Amino acid sequence: METIEIDIRGQLCPATLLVALKEINARGAQLRAGAVKLRFLIDNRDATGTIPESAANMGYGVAVDRQEGWYRVEVFGRQ
């Protein structure tokens, strides 16, 4: 599985959510097939709720991992 990393640290919501949704929609077939996983690097706390909630509502799996001063949000196809 390929991991595509998108660094959107420094951006605020709703910009972070819009970037994430654009990437999720562009790679929807690959995500559902399990070929790719998207990893978003963010430092906006609001995005730790909006991105995972939106991706989950679209049927994707989501994992949020807090790092020191930022967050990693991974979006992947559910098995």
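The values are calculated or read from the model by the stated rules, or taken from the named source; none is laboratory data. Remember, it's a predicted structure, so these values are computed and weren't measured experimentally. Note: ideal-geometry Cβ built from the backbone for every residue, glycine included; neighbour counts use all protein chains shown.
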Given (1) assigned to a loop (DSSP other than H, G, I, E, B); (2) touching a Gly at 6+ places or on another chain (Cβ under 9 Å), index of the condition residue 45 fails: (2)
Where a residue in segment 17-38 is charged (D, E, K, R) and surrounded by 16 or more Cβ atoms within 10 Å (Cβ to Cβ) and its partner, wherever it lies, is at pLDDT 95 or above and assigned to a helix (DSSP H, G or I), with Cβ under 8 Å and at least six apart: 37/31
Enumeration of residues in segment 33-53 that are within 14 Å of residue 17 (Cβ to Cβ) and within 8 Å of the chain's Cα centre (by Cα): 38, 40, 51, 52
Positions within segment 51-65 being outside any loop (DSSP other than H, G, I, E, B), surrounded by 18 or more Cβ atoms within 10 Å (Cβ to Cβ) and of a type outside the set (A, V, I, L, M, F, W, C), in sequence order: 52
Condition broken by residue 13, with the remaining ones in (1) at pLDDT below 95; (2) in a strand (DSSP E or B) satisfied: (2)
